[in-house]
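The values are calculated or read from the model by the stated rules, or taken from the named source; none is laboratory data. All of these numbers come straight from a predicted model, not from anything done at the bench. As a convention, Cβ positions derive from the backbone with ideal geometry for all residues, glycine included, and neighbour counts pool all protein chains shown.
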Ligand SMILES: NC(=O)c1ccc[n+]([C@@H]2O[C@H](COP(=O)([O-])OP(=O)(O)OC[C@H]3O[C@@H](n4cnc5c(N)ncnc54)[C@H](OP(=O)(O)O)[C@@H]3O)[C@@H](O)[C@H]2O)c1
């Protein structure tokens with residue numbers, strides 16, 4: 001969410017009434033809400049409220065996937081699978097900001113957009129069997145894991161890391177994330193990680209810096225009014241949003 005502070009609780013020092021902020025919390029689909037001090041930061045003046053509201057969960061997930069779980073380094077070859085969605089559009093830009101060479105995978109209609117946000121190379125998954133191309137990556141961030149895990153493992157360098165962000169939410173895939181992936185890591189010697197993003201002030205503040213420096217720019221697909229939230233959710237659930245979907249107040 002993003003908005004303007006109307007009141008602060010006792011002992012709050014980071015914010016004052018009138019501050020423009022963005023962050024995350026329960027009850028964000030509303031005209032007003034109550035948010036924890038360490039889950040929001042000041043909004044960059046250059047961003048609209050809609051742009052800022054698009055950042056927190058997707059931006060933080062992309063950052064933590066690349067930096068904490070993927071151990072990204074400058075010069076790494078990084079593949080972002082699902083590069084055109086909410087998490088993917090941030091992942092492409094953050095990986096570039098951290099000095100990696102980025103390949104983005106998406107469908108044909110999004111190839112140009114993914115290139116425009118900085119991907120060095122783009123692949124249309126409907127046309128190319130890229131997992132079998134022979135190219136090896138230091139890091140694969142997977143936002144669209146609708147395939148068997150053997151495919152990305154084949155495309156990893158021996159020291160590579162596969163970070164599973166999301167995809168199928170079936171019970172089988174949840175079990176795979178929790179039990180089978182750690183086993184595969186051990187057996188195949190390739191690191192396989194799945195994680196839940198951790199909303200925290202330090203990372204939000206880092207995203208704010210990247211936004212202010214123009215290193216990341218939220219990609220917004222559609223805007224819906226609050227009363228059209230059900231349509232917005234239905235659209236997001238189709239799994240083909242181009243960047244983020246925002247509710248406007
Ligand atoms: N681990 C966490 O903490 C965390 C946090 C946030 C989100 N997630 C999860 O991560 C996943 C991605 O989230 P998101 O917000 O980025 O989703 P999203 O905005 O819906 O983006 C989905 C992406 O997947 C691509 N895609 C869809 N079907 C595909 C297919 N069959 N093969 C290859 N690519 C395909 C889409 O590309 P095209 O439209 O071009 O097909 C798009 O780039 C979701 O499952 C979400 O629940 C996890």
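Residue by residue, here is whether (1) at pLDDT 95 or above; (2) touching a helix residue (DSSP H, G or I) at 6+ places or on another chain (Cβ under 9 Å); (3) at positive phi holds:
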residue	(1), (2), (3)
191	no, yes, no
201	yes, yes, no
205	yes, no, no
211	yes, yes, no
218	yes, yes, no
What's the total number of residues in segment 139-162 that are in a strand (DSSP E or B) and more than 9 Å from the ligand (Cβ to nearest atom)? 10
Check off (1) farther than 13 Å from residue 81 by Cα; (2) in contact with a helix residue (DSSP H, G or I) (Cβ under 9 Å, 6 or more places away or on another chain); (3) surrounded by fewer than 21 Cβ atoms within 10 Å (Cβ to Cβ); (4) at pLDDT 95 or above for residue 115 and give me the number that stays unchecked. (2)
How many residues does segment 189-217 contain that are surrounded by 13 or more Cβ atoms within 10 Å (Cβ to Cβ) and either within 12 Å of the ligand (Cβ to nearest atom) or within 18 Å of residue 71 (Cα to Cα) (or both)? 11
Which of the residues belonging to segment 215-249 are touching a residue at least 24 places away in the same chain (Cβ under 8 Å) and assigned to a loop (DSSP other than H, G, I, E, B)? 215, 216, 217, 218, 219, 239, 240, 241, 242, 243, 249
Does residue 132 count as touching a strand residue (DSSP E or B) at 6+ places or on another chain (Cβ under 8 Å) and free of Cβ contacts under 8 Å to residues at least 60 places away in the same chain? no
Collect the residues in segment 55-74 that are in contact with a strand residue (DSSP E or B) (Cβ under 7 Å, 6 or more places away or on another chain) and more than 10 Å from the ligand (Cβ to nearest atom), keeping them in residue-number order. 55, 56, 66, 70, 71, 72
